[in-house]
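Chemist: Handing you this structure, nothing more for now.
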Amino acid sequence: MPHAQLEQPRFEQLRSIRPGLPSLRRWSSRLLGLGLALLMPAAQAVTVSLEGQVRNLPVLERELGPDGVLVLLTNLTAGHLVGFGRLQEGQFQIGIPEKFRPPVRPAQFCAGVRSLPSEPKIYIAESLLAYQPDRNAATLLYQADHPTDPTRRVQWFYSDRAATVRGRCSGLNTAYQLSLRAGWTAVMTVSQPGHFLVTNATSNLPYWAQPTPLRNARTLFRTLFTHR
């Protein structure tokens, strides 16, 4: 059976979107009022955009309501808000500052896997967070081909350099066939019989809201909501 052509992941380079970003500015003010520190100076252009669609929207709306939901791209460990966008009819677009540089570390994938021409330093983006300020509630979003039994899941890697990653982890069931660009790359983990393959994402998988809400979000994610 022939395979349908897969849509490429929507992680786009945008042309010089200057702060003619009225929606970002309005929501930035509101977020700052809640203690959220957006890592985007007022005069800084946004040139990278992450787009997505929440497939199980009724689940999200049951927990957070239909209006006023923000989608946050976060570094929860460091308590940083990298970027955000409004959820509208199940779709969102997150602008990422051009000059934002995540805290990268040596990849150190595993024995048996080589990176050429040299080992990159990478940052793996954490789960997206759907957040409703008025309800002080949130839920995690993840990108996969199925809400409960996924065979393909996508994460976003930031690399400090271009690199080709190949090989199989010694003694483990994970193999890499991955090309990283300098900057952001959509990376997909594919579950195959007997092993996992980490490779470049080849389809724009939907996002799924976890059915369990996170109450008292500003307390639960205190470092995120109080970071300056």
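Taken together, the values in this text are just the output of simple stated rules run on the coordinates, not laboratory data. The structure presented is a predicted model; accordingly, all values stated were derived computationally and were not measured. Neighbour counts are summed over all protein chains in view; Cβ atoms, including those assigned to glycine, are modelled from backbone coordinates with ideal geometry.
Chemist: Taking H placed 1.01 Å from N in the peptide plane, check which residues at least 5 places from Phe196 or on another chain put their amide H under 5 Å from its amide H.
Modeler: Result for Phe196 returns Thr174, Ala175.
Chemist: Given labels modelled 7 Å from the Cα in the Cβ direction, how far is it in nm from Asn173 to His195?
Modeler: For Asn173 paired with His195, the spin-label model returns 1.2 nm.
Chemist: Relative to the compact-globule scaling 2.2 N^0.38 Å, provide the ratio for the alpha-carbon radius of gyration of segment 47-122.
Modeler: Normalised Cα radius of gyration, segment 47-122: 1.49.
Chemist: While we're looking at this one, here's another question. Sorted by mean Cβ packing within 10 Å, highest first, what order do the peptides 155-163, 97-105, 172-180 take? Walk me through the intermediate numbers first.
Modeler: Details: 155-163: 19.7, 97-105: 14.4, 172-180: 16.8.
By packing density, highest mean first, the sequence is 155-163, 172-180, 97-105.
Chemist: I'd like the Karplus ³J(HN,Hα) series for segment 215-226: coefficients 6.51, -1.76, 1.60, θ = phi - 60°, whole numbers in Hz, and an x wherever there's a Gly or Pro.
Modeler: 7, 6, 4, 5, 8, 4, 10, 4, 5, 5, 8, 10
Chemist: Just how many % of Cα pairs in segment 108-228 lie over 25 Å apart, if you round to the nearest whole percent?
Modeler: 37 percent
Chemist: Still on this model: Ordered by residue, what ³J(HN,Hα) values in Hz, to whole numbers, does segment 50-58 give under the Karplus form 6.51 cos²θ - 1.76 cosθ + 1.60, where θ = phi - 60° and Gly and Pro are x?
Modeler: 10, 10, x, 9, 8, 6, 9, 4, x
Chemist: Here's something else I'd like to know. Please give the charge dipole size of segment 145-220, origin at the Cα centre, charges +1 on K and R Cβ atoms and -1 on D and E Cβ atoms. Round to the nearest 20 debye.
Modeler: The dipole of segment 145-220 has a size of about 180 debye.
Chemist: Given H placed 1.01 Å from N in the peptide plane, which residues other than close sequence neighbours of Asn204 have an amide H under 5 Å from its amide H?
Modeler: For Asn204, the qualifying residues are Glu7.
Chemist: Right, here's the next one. If amide H atoms are built 1.01 Å from N in the plane of the peptide, which residues on other chains or at least 5 residues away come under 5 Å of the amide H of Asp145?
Modeler: For Asp145, the qualifying residues are Thr151, Arg152.
Chemist: Mind listing the phi-derived Karplus ³J(HN,Hα) values for segment 173-184, rounded to whole Hz, using 6.51, -1.76 and 1.60 with θ = phi - 60°, and x for any glycine or proline?
Modeler: 9, 10, 10, 10, 9, 9, 10, 9, 8, 6, x, 8
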